[in-house]
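**Student:** First the structure, then my questions, so here it is.
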Amino acid sequence: TEVAGTYVFGFAEGNRDLKDLLGGKGANLAEMTRLGLPVPPGFTITTEACRSYLTDGQEPAELDAEISRHLGRLEEAMGRTLGDPHDPLLVSVRSGAKFSMPGMMETVLDIGLTDVSVLGLARRHGDERFAFDSYRRLLQMFGATVLGMDGALFAAALDAVKARRGAALDLELEVDDLHELVALFHGLIREHTGRDFPQDPREQLRLAVRAVFGSWHTDRAALYRRQEGIPENLGTAVNVQAMVFGNRGMTSGSGVCFTRDPASGRRGAYGDYLQNAQGEDVVAGIRNTVPLADLAAIDPPAYAALLGHLATLEHHYADLCDVEFTIEENTLWMLQTRVGKRTPEAAFRIAATMLDEGLIDADEALRRVSGAQLAQLLFPRFDPNAERTLVATGMNASPGAAVGRVVLDSDTAVAWAARGERVVLVRSETTPDDLRGMVAASGILTSRGGKTSHAAVVARGMGRTCVCGAESVRVDLDQRVLHLRGGRTIAEGDTISLDGTTGEVFLGDVPVVDSTLVRHLEGEDVDDDLVRAVSRLLAHADDVRRLEVHANADTPADAARARRFGAQGVGLCRTEHMFLGERRILVEDLILADDDAARTAALDRLFPLQREDFAGVLQAMDGLPVTIRLIDPPLHEFLPDLTDLSVSVALEDLRGPEVERHHQLLAAVRRLHEQNPMLGLRGVRLGIVIPGLVAMQVRAVLEAAADLIEAGGDPRPEIMVPLVASERELTLVRATIETVAAEVQLARGLVVPHTIGTMIELPRAAVTADRIATAAEFFSFGTNDLTQMTWGFSRDDVEAAFFSSYLEHRIFDSSPFETIDVEGVGGLMRTAVRLGRKTRPDLGLGVCGEHGGDPASIHFFDEIGLDYVSCSPFRVPVARLEAGRSAL
Ligand code: ADP
Ligand code: MG
Ligand code: MG
């Protein structure tokens, strides 16, 4: 029989590589089917059909016929027809996009039940309660997801019936109650949609498929995609699958599990199980689940079978898998699998263990972890020795240390976070509507639900700290307080601390300490399997990477730390901080100097201080290059604020020379005042305008280096000129540098190895890089300024003002100040690399903006052939790892 069509594939026809077409869920259902695991049969309607629906507003013409053909096959295989009055086949209609979007999209269970077939189902199983429970679930899900009704309407009716019956759980409802609920639900649907619940099973199916297609465009799904960087135009596939029933009494149930612990990465199956339940009950955290291990006692054969399938899957995928399963009267069914989300800690442990187990090779292990995950492991944790009051314990759903004020709903979370508060979102359980609040919060605490609940899954995905299922916490939305064990309460607005690694909740603001990994990198002797896992993967990254990693370090301490963290040099040593603090007065003197003598005197006093600064950094990086940038910021930054100064001049009762100086300062501040200081007198322009400044700095660098050489050291200074736009600027300054270098070397009687280069941070420099390279031995891309100057966005004010709108409209998917804008800024960089190397094939090339530590940007810098990236010391391990991954 010819069954493969354009838009519909049977589970037996697909495989895991077809995620584009079948979505992740469909492709993996197909893969499990091929592996011979017990998967209820069904078929997948492709993402192509969805895209076509979303573009045209109607299903493609062939779709209905293809669905009929596949449904016919399914009915044949099951020996039942959809919605048959005597013995109905029921199906689920399940969304499934290429990238998993947990809880974002719709799924409808029990399609095929009608007023008539529900009786057939009851008779066939001899279980009226089960049949009507399934029917009320269908009405509820269909109403809320397909007919677009407010789910709260159904929940309220359900609660009312439960309250009258005195039932705490859905399970305690009797057949009569369920009859009544079905009637109530029918009424609600009629009242709110103006039509009856469709009694034609094919009509139900058609509407449900359409609803799943449409759910691609819900606000929450769009928000999730924006968060996760998932493209907007993919669409979702729809899986239609024969129902199996976890709600047929205590020999049935539903569960979710992982082949390893997704929080720690340690071996051993891990999950939650709920007897007499359909899957949504587990994930929604409506009732409290039992740990998977309890299934061993509840149903030993099913448990053994499950463990077998988990082993098969983990071996086949060679990765951590998560699984949704249902047991119907002691028979196990596999309903979903995918490569599971995991915490950063788990990612490193799993990759290193699977490497040991021979399941994957070292390259693959490196692919399995990311710089973003490593960055999380470098975060501080709560100080174990600090005084703390434990007020509750839940499950360690997503690691980290979060401190913030308690907020009880997402609106509050968003509002408080917007005014700069750190908040912890506390909910009984979260729903997809809480996504905004979760994004705004630094941590999430729930009182219900396991490690596979919505809160846990989403928090892990976002890297938010989360403790879930803290049962002793009761959220009281009326009083806006949390009730805790022992009568204690915490009001909204009070501060709590969440430890996502242990599941503990503390009162107040618990102090934090360095991570174990940082302590290891700092040279402390720590015995820890996670540290070993990370070190192993970092070592492999170092073996395979081409790109060097340097650090931005202005002080000897930073330079030394960077070196311990694996930096191969200093890519940016800023000299401006060396002019601040008590030295500011010397800079004032320099600016106020009105003749050569006064200027020289001021520079002479700055000189020894600078020499000392440079000596420290060069020494900390002995044997490695240190790129020292000449002074860059506008001079007025070193002077008092204009208003403050005017006020003090006006008010203060100053005497003699003080008055004189203040008036001089005020005049200087007025003279130097600029509307756009970032476009003003800064960078190389200062060196050209203020005689002696460059010479003093260069002399300080080279004298410091000469001292070190005499002491047996191996300093490698590289002098870098900032904000160059034209070759002429650089040749002017270069001449000064060369003169001073010749003088110092002659005077000291030794050769001080050094190079002279420039920053490329203005578009003009990028497009004239061939000329600039005649006077530069190296380029370092200052991507912060280059981004600012290319987009015309002020890097100091822009982010808050309109970037959120830009992100919303997807003008860009992340701030160009965080991740390099490959097309625009990246295009200029490519040009500069090409032109620069044309003039000077051995031109040194690096990047020293914030982007140097950003994982996505690092791959781009590797691709365009830079020699190194330079980033802050704490990002050095992250950059090493990503440079390694980029080389794979
Ligand atoms: P999500 O993508 O939100 O996890 P699913 O499509 O996986 O949604 O459906 C949620 C749950 O519904 C599943 O975990 C499973 O327990 C239940 N379910 C889906 N299809 C079936 C089916 N054919 N038989 C029984 N239960 C099902
Ligand atoms: Mg699922
Ligand atoms: Mg700059």
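The values are calculated or read from the model by the stated rules, or taken from the named source; none is laboratory data. Worth saying up front: this structure is predicted, and the values here are computed from it rather than measured. Positions of Cβ are generated from backbone atoms using ideal geometry, with glycine treated the same way; all protein chains shown enter the neighbour counts.
**Student:** Going residue by residue through region 713-721, is there one that turns out to be surrounded by 18 or more Cβ atoms within 10 Å (Cβ to Cβ), free of Cβ contacts under 8 Å to residues at least 60 places away in the same chain and closer than 26 Å to Gly569 by Cα? Write out each step before concluding.
**Tutor:** Here is the first cut: in region 713-721, the residues surrounded by 18 or more Cβ atoms within 10 Å (Cβ to Cβ) are 715-721.
Among the residues that remain, those that are also free of Cβ contacts under 8 Å to residues at least 60 places away in the same chain are: none.
The answer is no, given that none of the residues of region 713-721 is surrounded by 18 or more Cβ atoms within 10 Å (Cβ to Cβ), free of Cβ contacts under 8 Å to residues at least 60 places away in the same chain and closer than 26 Å to Gly569 by Cα.
**Student:** Cβ-Cβ distance below 8 Å, separation of 6 or more or different chains: which pairs start in region 147-175 with a residue that is assigned by TED's automatic domain parsing to the domain that holds Thr193 and of a type outside the set (Val, Ile, Thr) and end on one that is assigned to a helix (DSSP H, G or I) and exposed (fewer than 12 other Cβ atoms within 10 Å of the Cβ)?
**Tutor:** Between residues of region 147-175 that are assigned by TED's automatic domain parsing to the domain that holds Thr193 and of a type outside the set (Val, Ile, Thr) and residues that are assigned to a helix (DSSP H, G or I) and exposed (fewer than 12 other Cβ atoms within 10 Å of the Cβ), the close pairs are Lys162/Glu172; Arg165/Glu172.
**Student:** Mind checking which residues of region 303-324 are without any contact (Cβ under 8 Å) to a residue 40 or more places away in the chain and in contact with a helix residue (DSSP H, G or I) (Cβ under 7 Å, 6 or more places away or on another chain)?
**Tutor:** Tyr303
**Student:** Can you spot a residue in region 164-172 that is more than 20 Å from Leu274 (Cα to Cα), part of a loop (DSSP other than H, G, I, E, B) and over 38 Å from the mean Cα position of the chain (by Cα)?
**Tutor:** The initial filter retains those residues of region 164-172 that are more than 20 Å from Leu274 (Cα to Cα), namely 164-166.
Going one step further and asking which of them are part of a loop (DSSP other than H, G, I, E, B), we end up with 166.
Next, only the ones that are over 38 Å from the mean Cα position of the chain (by Cα) stay: 166.
For region 164-172, residues more than 20 Å from Leu274 (Cα to Cα), part of a loop (DSSP other than H, G, I, E, B) and over 38 Å from the mean Cα position of the chain (by Cα): present.
**Student:** Regarding Arg795, is this residue in contact with a helix residue (DSSP H, G or I) (Cβ under 9 Å, 6 or more places away or on another chain) and modelled with pLDDT under 95? Write out each step before concluding.
**Tutor:** Working: in contact with a helix residue (DSSP H, G or I) (Cβ under 9 Å, 6 or more places away or on another chain): yes; modelled with pLDDT under 95: yes.
Yes: the conditions hold for Arg795.
**Student:** Here is a follow-up. Can you tell me which residue among His86, His70 is surrounded by fewer than 16 Cβ atoms within 10 Å (Cβ to Cβ) and either more than 16 Å from ligand 3 (Cβ to nearest atom) or among the acidic types (Asp, Glu) (or both)?
**Tutor:** The match here is His86.
**Student:** Just for region 81-112: of the residues that are more than 19 Å from Asp433 (Cα to Cα) and of a type in the set (Val, Ile, Thr), which one is nearest to ligand 1 (Cβ to nearest atom)?
**Tutor:** Ranking the candidates gives Val91 first.
**Student:** Tell me which helices (runs of 4 or more DSSP H) are completely within region 727-830 and hold 1 or more residues being loosely packed, with under 13 Cβ neighbours inside 10 Å, or say none if there are none. Outline the logic, then answer.
**Tutor:** Numbers: elements: 727-748, 763-767, 769-772, 783-791, 798-808.
Once the helices (runs of 4 or more DSSP H) in region 727-830 are filtered for at least 1 residues that are loosely packed, with under 13 Cβ neighbours inside 10 Å, what remains is 727-748, 798-808.
**Student:** Condition (residue is closer than 17 Å to Asp409 by Cβ, in the same structural domain as Ala397 (by TED's automatic domain parsing) and modelled with pLDDT of 95 or more) applied to region 427-438: is it met by at least one residue?
**Tutor:** Yes, region 427-438 has at least one match.
**Student:** Among what's in region 668-692 and is among the charged types (D, E, K, R) and in a loop (DSSP other than H, G, I, E, B), pick the residue that is farthest from Phe638 (Cα to Cα).
**Tutor:** Pass one, region 668-692, residues among the charged types (D, E, K, R): 670-671, 674, 682, 685.
Within this subset, residues satisfying the condition of being in a loop (DSSP other than H, G, I, E, B) are 674, 682.
Details: Glu674: 14, Arg682: 12 Å.
Result: Glu674.
**Student:** Take region 780-795 and flag every residue that is closer than 12 Å to Val724 by Cα and either within 16 Å of ligand 2 (Cβ to nearest atom) or touching a Pro at 6+ places or on another chain (Cβ under 8 Å) (or both). Outline the logic, then answer.
**Tutor:** We begin by selecting, within region 780-795, every residue closer than 12 Å to Val724 by Cα; these are 780-782, 785-786.
Matches in region 780-795: Gly782, Leu786.
**Student:** What number of residues in region 148-174 are under 30 Å from Trp216 (Cβ atoms) and among the hydrophobic types (A, V, I, L, M, F, W, C)?
**Tutor:** So the answer is 8.
**Student:** Something else now. Taking the stated definitions as given, is Gly229 within 30 Å of Thr55 (Cβ to Cβ) and more than 16 Å from ligand 2 (Cβ to nearest atom)? Working first, answer last.
**Tutor:** Working: within 30 Å of Thr55 (Cβ to Cβ): yes; more than 16 Å from ligand 2 (Cβ to nearest atom): yes.
Yes, satisfied.
**Student:** Could you name every one of the helices (runs of 4 or more DSSP H) located completely within region 275-373 that has at least 2 residues being away from ligand 1 (no atom under 16 Å from the Cβ) and of a type in the set (A, V, I, L, M, F, W, C)? Give the derivation first.
**Tutor:** Working: elements: 279-284, 295-298, 300-317, 344-356, 362-367.
Hits in region 275-373: 295-298, 300-317, 344-356, 362-367.
**Student:** Right, another one. List the pairs whose first member sits in region 467-490 and is at positive phi, whose second member is at pLDDT 95 or above and in a loop (DSSP other than H, G, I, E, B), and whose Cβ atoms are under 9 Å apart, counting only residues at least 6 apart or on separate chains?
**Tutor:** As it stands, the answer is Arg480/Leu408; Arg480/Glu492; Arg480/Gly493, since those pairs meet every condition given.
**Student:** Another one. Please enumerate the residues belonging to region 418-437 that are in a helix (DSSP H, G or I) and either among the charged types (D, E, K, R) or free of Cβ contacts under 8 Å to residues at least 60 places away in the same chain (or both).
**Tutor:** Residues of region 418-437 that are in a helix (DSSP H, G or I), as a first pass: 418, 432-437.
Answer for region 418-437, where residues must be in a helix (DSSP H, G or I) and either among the charged types (D, E, K, R) or free of Cβ contacts under 8 Å to residues at least 60 places away in the same chain (or both): Ala418, Asp433, Asp434, Arg436, Gly437.
**Student:** So which strands (runs of 3 or more DSSP E) stay within region 473-512 end to end and still have 3 or more residues that are crowded, with 17+ Cβ neighbours inside 10 Å and in contact with a strand residue (DSSP E or B) (Cβ under 8 Å, 6 or more places away or on another chain)? Show your work before the answer.
**Tutor:** On the way: elements: 474-476, 481-483, 489-491, 495-499, 504-507.
The qualifying strands (runs of 3 or more DSSP E) are 495-499, 504-507.
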